[in-house]
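The values are calculated or read from the model by the stated rules, or taken from the named source; none is laboratory data. What you see is a predicted model, and the numbers here were worked out from it, not measured in a lab. Neighbour counts run over all protein chains shown; Cβ positions are idealised from the backbone, glycine included. SASA here: full protein model, heavy atoms, side chains in, ligands and nucleic acids out. Shrake-Rupley method; radii C 1.70, N 1.55, O 1.52, S 1.80 Å.
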Amino acid sequence: MKKFISSIIATLFVVTVYSTDGIQPSVGSPYSVIPVPEKIEITKGTYSLPVNGATFYIKGVKDNRLSNYLKASALAQSVADKAQKADILIEISSKKTDKENCEAYKLNITPKRISIKANDEAGAFYAIQTILQMSEGGTKRELQCCSVNDAPRFSYRGLLFDVSRHFRSKEFIMKQIDAMALMKLNKLHLHMTNGAGWRIEIEKYPRLTEFAAWRPYRSWMDWASDTRYCESNYPTAYGGYYTKADIREILKYAEARHITVIPDIEMPGHSEEVLAAYPELSCSGEPYRNSDYCIGKEETFTFLENVLTEVIELFPSEYIHIGGDEAVKQGWKDCPHCKKRMQEEGLKDVDELQSYLIQRIEKFVNSKGRKIIGWDEILEGGLAPNATVMSWRGTEGGIKAMKAGHDVIMTPGETCYLDFTQDAAFKEPVSIGGYTPLKNVYMYEPLEAGISNEEAKHLLGLQGNLWSEYVTEDSHAEYMYYPRAFAIAETGWSKPENKDYDKFKERALMLCSLLQSQGYTTFDLANEFGERKESLTPIEHLGKGCKVNYNEPYHAKYTANGDATLTDGLLGGWTYLDKRWQGTMKDVDVTIDLGSVQPVKYVGASFMHSAGAWVHVPKKMDVYLSEDGVNYTLVGTVWGDIPNEIPKILFKQYSVVCNGKARFIRVHATRNDRAGAWLFTDEIVIN
């Protein structure tokens with residue numbers, strides 16, 4: 001969309017954010033910025049950044065953080081003694097602003113100077129980030145004259161860093177803080193505790209860092225098959241933790257870049273490491289038997305409150321994340337302490353028992369002047385009164401919480417989980433499974449239809465999550481974040497009507513180049529392979545559209561196209577989450593009715609292998625033919641030939657040459673022997 005305001009001599013024109021017409025490649029342009037600004041007006045001329053660094057002057061609120069940041073940047077190196085002499089004049093309102101006006105800024109670039117007006121220090125900082133992107137980190141000294149009027153859509157724009165599965169140094173975290181700041185992301189969710197390792201110093205409980213922070217295996221897969229911990233001086237000890245001094249250094253660095261670090265102390269599940277170090281907090285009282293805290297024991301609450309007290313003393317964040325996801329809950333059912341607690345509190349099931357813990361912890365956190373965030377499982381059994389919900393199992397939990405008047409952060413796995421592969425599985429590093437390319441992340445809209453204006457006020461924003469089970473190296477982590485974090489940033493900041501994927505991809509390529517020049521590892525977006533080619537075109541075969549009878553039901557979570565899935569002519573893509581792959585934890589055992597007796601030469605079915613997601617090809621597949629639907633003849637068996645330990649995502653069609661006649665074809669794929677294995681198939685092809 002373009003609007004041109006022309007005078008008779010055509011010396012001035014205004015262009016909306018969708019056009020780069022008239023911009024020279026050698027000149028830094030506001031159209032290169034991610035996230036896309038709310039409004040851009042291009043004016044005549046360019047501004048030349050001084051070769052030796054620009055001078056700057058800050059009027060209004062004196063922001064030493066911004067001043068120090070600018071002095072160390074590629075843009076400006078010194079403070080002008082007067083506002084009139086400054087190359088970059090920054091005016092920060094001295095009036096207290098409400099939350100709706102926070103982080104907004106106005107940037108005006110003329111041939112003579114750069115001026116910035118902002119409601120608060122964060123807004124001025126974000127204007128500087130816009131200039132840094134326009135100048136490609138200060139390497140482009142000519143900037144297009146323009147006026148930019150910009151403000152964020154959501155107050156919460158975050159990334160999760162899983163430092164439990166694989167510990168990341170404080171230097172790595174601070175490096176990512178710089179990238180986040182450049183994209184105007186403002187929340188860093190630090191996932192510091194999980195079964196794979198405890199990552200923060202707690203003075204009251206030294207065994208957490210002496211023992212629970214270390215494991216004898218570097219590989220998460222190796223550790224997952226032999227879940228135990230070790231002393232820090234064990235010969236193959238792998239792990240680490242942040243001292244309180246480390247945390248303070250990270251927090252100071254983040255604060256200077258207007259990023260809030262939200263600590264995550266997982267409870268009641270995913271707590272194997274704590275229960276190995278302090279087994280008295282488990283239902284059994286023994287290490288390596290439980291993964292959930294014993295909610296029936298008062299010692300559990302003493303421990304959690306002591307830990308949270310030290311965490312709250314360190315972190316100034318308004319929010320404390322307390323997890324709440326994927327608790328096994330099995331141990332609670334037989335635990336005398338938990339049974340007693342349930343009886344005393346009038347709790348009818350283990351869901352309400354978990355809710356008891358969440359609500360009790362919330363009261364404690366609230367008493368310290370803070371709020372809790374939990375994954376959407378905290379809705380089960382009754383939501384704590386003041387809790388914020390982080391919705392990851394789709395968006396349903398978040399919508400339910402909004403309608404109940406609770407604040408929500410959207411992070412649905414299908415679009416916001418960055419541990420899924422971002423391109424064709426055969427060319428990508430090992431991942432946990434799934435397929436979330438840049439476009440899928442970008443096209444996600446957090447505010448779904450049917451949400452009222454009043455309910456929408458509770459939508460704080462969104463977050464991208466990178467879980468690190470299979471992401472051992474720091475460079476691999478960066479590769480998974482960028483450029484998909486760009487899409488999280490633009491969705492969180494920019495108005496949906498200003499978003500355009502094709503234009504975004506052009507800008508993403510530019511920002512990838514900038515980050516690469518600064519030492520980051522990014523995905524090779526320029527050579528993206530894209531979706532599984534077989535899934536792009538419907539296929540024709542003898543069984544297409546035929547009725548399928550299920551001798552074993554498919555799983556309610558992975559229904560795809562229901563009973564029509566296996567004969568709808570549609571092959572699945574790179575992920576079982578694409579609504580084409582049908583999943584089961586039983587055998588695939590179906591009978592297809594062709595409607596009449598016909599020659600049948602070939603029967604084949606495609607299956608997926610993704611060991612990290614417990615998805616495996618069948619142990620074997622049998623094919624039977626029948627003319628009457630009563631008497632069946634086994635015409636062939638094909639055996640699965642992908643070993644369970646193969647880490648890569650693979651796809652294979654298993655087939656039988658029949659050379660017979662039939663109206664009914666029965667396909668029986670026997671589930672893999674691995675405990676918890678899933679079977680996924682997308683189409684049964686008959687010819």
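Per-residue answers, yes or no, for (1) touching a strand residue (DSSP E or B) at 6+ places or on another chain (Cβ under 9 Å); (2) open to solvent by 30 Å² or more (accessible area, probe 1.4 Å):
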| residue | (1), (2) |
| --- | --- |
| A213 | yes, no |
| P216 | yes, no |
| S225 | no, yes |
| C230 | yes, no |
| Y234 | yes, yes |
| R257 | no, yes |
| V261 | yes, no |
| I265 | yes, no |
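I'm trying to understand the selection: among the residues of region 265-313, which are without any contact (Cβ under 8 Å) to a residue 60 or more places away in the chain, among the charged types (D, E, K, R) and within 19 Å of F211 (Cα to Cα)?
Correct list: E280, E286, R289, D292.
Only residues that are small (G, A, S), assigned to a strand (DSSP E or B) and modelled with pLDDT of 95 or more: list them for region 14-61, please. Show your work before the answer.
Kept after step one, since they are small (G, A, S), are these residues of region 14-61: 19, 22, 26, 28-29, 32, 45, 48, 53-54, 60.
Applying the additional criterion that residues be assigned to a strand (DSSP E or B) yields 28, 45, 48, 54, 60.
Correct list: G28, G45, S48.
Among the residues of region 200-227, which ones are in contact with a Cys (Cβ under 9 Å, 6 or more places away or on another chain) and either under 17 Å from I265 (Cβ atoms) or in a strand (DSSP E or B) (or both)? Walk me through how you get there before you give the answer.
First pass over region 200-227, keeping only residues in contact with a Cys (Cβ under 9 Å, 6 or more places away or on another chain): 211, 214-216.
Of everything in region 200-227, those that are in contact with a Cys (Cβ under 9 Å, 6 or more places away or on another chain) and either under 17 Å from I265 (Cβ atoms) or in a strand (DSSP E or B) (or both) turn out to be W214, R215.
Are any of the residues in region 464-481 surrounded by fewer than 21 Cβ atoms within 10 Å (Cβ to Cβ), under 29 Å from A611 (Cα atoms) and among the β-branched types (V, I, T)?
yes
Determine which member of the set I665, I649 is open to solvent by less than 40 Å² (accessible area, probe 1.4 Å), at negative phi and out of contact with any His (no Cβ under 9 Å at 6 or more places or on another chain).
Details: I649 fails: out of contact with any His (no Cβ under 9 Å at 6 or more places or on another chain).
Just a single option satisfies the conditions, and that option is I665.
If you go through region 359-378 one residue at a time, how many are of a type in the set (A, V, I, L, M) and without any contact (Cβ under 8 Å) to a residue 60 or more places away in the chain? Steps first, answer last, please.
First pass over region 359-378, keeping only residues of a type in the set (A, V, I, L, M): 361, 365, 372-373, 378.
Of the ones still in play, those that are also without any contact (Cβ under 8 Å) to a residue 60 or more places away in the chain are 365, 372, 378.
Summing the residues that are of a type in the set (A, V, I, L, M) and without any contact (Cβ under 8 Å) to a residue 60 or more places away in the chain in region 359-378 gives 3.
List the pairs whose first member sits in region 165-185 and is within 12 Å of A254 (Cα to Cα), whose second member is among the hydroxyl-bearing types (S, T, Y) and not in a helix (DSSP H, G or I), and whose Cβ atoms are under 8 Å apart, counting only residues at least 6 apart or on separate chains?
Filtered contacts from region 165-185: K170/Y242; K175/Y520; A179/Y482; A179/Y520.
Do we have N108 as among the polar types (S, T, N, Q), under 14 Å from K59 (Cβ atoms) and open to solvent by 40 Å² or more (accessible area, probe 1.4 Å) here?
Values: among the polar types (S, T, N, Q): yes; under 14 Å from K59 (Cβ atoms): no; open to solvent by 40 Å² or more (accessible area, probe 1.4 Å): yes.
No, not satisfied.
Going residue by residue through region 180-190, is there one that turns out to be assigned to a helix (DSSP H, G or I) and open to solvent by 10 Å² or more (accessible area, probe 1.4 Å)? Don't jump to the end; show me each part of the working.
Of region 180-190, the ones assigned to a helix (DSSP H, G or I) are 180-182.
Of the ones still in play, those that are also open to solvent by 10 Å² or more (accessible area, probe 1.4 Å) are 182.
Within region 180-190, one or more residues are assigned to a helix (DSSP H, G or I) and open to solvent by 10 Å² or more (accessible area, probe 1.4 Å).
Please pick out the residue among E540, E528, E534, E506 that is at pLDDT below 95 and open to solvent by 20 Å² or more (accessible area, probe 1.4 Å). Give the steps one after another, and end with the answer.
Numbers: E540 fails: at pLDDT below 95; E528 fails: at pLDDT below 95; E506 fails: at pLDDT below 95.
Going through E540, E528, E534, E506 in turn, just one is at pLDDT below 95 and open to solvent by 20 Å² or more (accessible area, probe 1.4 Å): E534.
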